[in-house]
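Quick notes on the structure that follows.
We did not get these values from a lab; they are worked out from the coordinates using the rules stated. As the structure is a prediction and not an experimental result, all values here were calculated from the model. So basically every Cβ, Gly included, is an ideal-geometry build from the backbone, and we count neighbours across all protein chains shown.
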Amino acid sequence: MNIKTALTILFISFTLLSQAQNPAQHDSLIQTMMKDHITPDNEQGVSLINAGNFESASSFLSNQINTNESNASAYFQRGVANWAMSDTLSACRDWSAVLALGDTEMFNLLESRCHSSMIIENDTIPAKKYKKMFAKEDANQSSKLLVDQMPEFPGGQEKLAEYIFKNTPKHSGGKHGTVYVNFLISPKGKVLFPYVAHGLGKEYDNDAVKLVRSMPAWKPGKEKGKAVYVRSSLPVRF
């Protein structure tokens with residue numbers, strides 16, 4: 001058994017004990033935060049959670065996420081359902097996704113319910129790193145504080161500009177402006193959790209997020225020679 005596997009087992013065991021003592025329906029912090037994460041498209045999921053139908057809630061919210069992978073509220077509520085079902089690791093992954101989508105309200109929840117760990121895929125990011133990563137509204141400035149070598153689009157900035165120009169949908173007679181999309185670049189170069197930080201309107205925002213999500217893998221950022229998660233931002237001009 002390697003160290004990473006052992007730590008994962010320890011994490012699950014310890015958090016399952018915590019969950020048994022703090023079920024979601026009686027957890028004041030979670031209940032308070034739920035009120036801030038209710039949207040028209042996830043009201044059914046909230047109703048199912050409140051009724052104790054956690055498996056149905058998780059299934060419904062998973063469908064919402066599949067429809068819109070930037071749906072932070074659905075991730076949050078699914079995390080609550082997973083927490084209530086004693087699936088603490090999945091709950092913390094969902095709440096980490098909410099943070100990855102820009103909601104720094106998750107700092108307190110990850111610290112108190114997930115042992116100060118942000119979990120993305122199979123990687124664990126400690127509080128010291130993820131708080132710096134999300135400390136500033138300007139993702140690029142925040143990233144430069146964290147890494148020695150920034151991520152790079154295949155072929156560099158010129159190819160990135162070319163990719164954006166070729167793949168940005170043309171809206172005849174529409175608005176002119178810029179949508180700013182924030183996202184994470186994983187240690188493998190994958191683009192994860194793109195979301196609109198500043199938009200022009202639903203149609204334009206959706207197109208910008210789709211463009212960013214469809215990008216090929218980047219050359220990952222590095223800190224002390226090791227590939228790491230980096231938060232970045234991209235302007236998509238219409």
Diffusion coefficient in µm²/s returned for region 198-238 by Stokes-Einstein, Kirkwood Rh over C-alpha pairs, 37 °C and 0.692 mPa s, is 269
Per 10 angstrom bin, beginning at 0 and ending with the bin that holds the maximum distance, the Cα pairs of region 139-237 fall in percents of 16, 48, 27, 7, 1
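Sort HIS176, HIS37, HIS198 so that the residue with the fewest other Cβ atoms within 10 Å of its own Cβ comes first and the one with the most comes last.
Details: HIS176 8, HIS37 19, HIS198 14.
By the 10 Å Cβ count, ascending, the order reads HIS176, HIS198, HIS37.
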When ARG93, ARG237, ARG113 are arranged by how many other beta-carbons sit within 10 Å of their Cβ, fewest first, they go ARG237, ARG93, ARG113
Pseudo-spin-label distance ASN50 to ILE38, built 7 Å along Cα→Cβ, given in nm, is 0.5
Of region 155-191, those with amide N under 11 Å from the point 7 Å along the Cα→Cβ vector of LYS219 are 155-157
Projected onto their principal axes, the Cα atoms of region 56-189 stretch, largest extent first, over whole-Å spans of 48, 38, 24
Ordered by fewest other Cβ atoms within 10 Å, a rough proxy for footprinting exposure, THR168, THR104 read THR104, THR168
Expected unfolding gain across ALA127-LYS202 under the 0.36 nm per residue rule, minus the alpha-carbon gap, is 23.7 nm
Checked against a 26 Å limit on the C-alpha separation, the offending pairs among LYS132/LYS170; LYS128/LYS222; LYS190/LYS210; LYS132/LYS159; LYS166/LYS224; LYS129/LYS226 are LYS132/LYS170; LYS132/LYS159; LYS166/LYS224
Quick calc: nm separation of the 7 Å Cα→Cβ label points for LYS166 and GLN31 -> 5.5
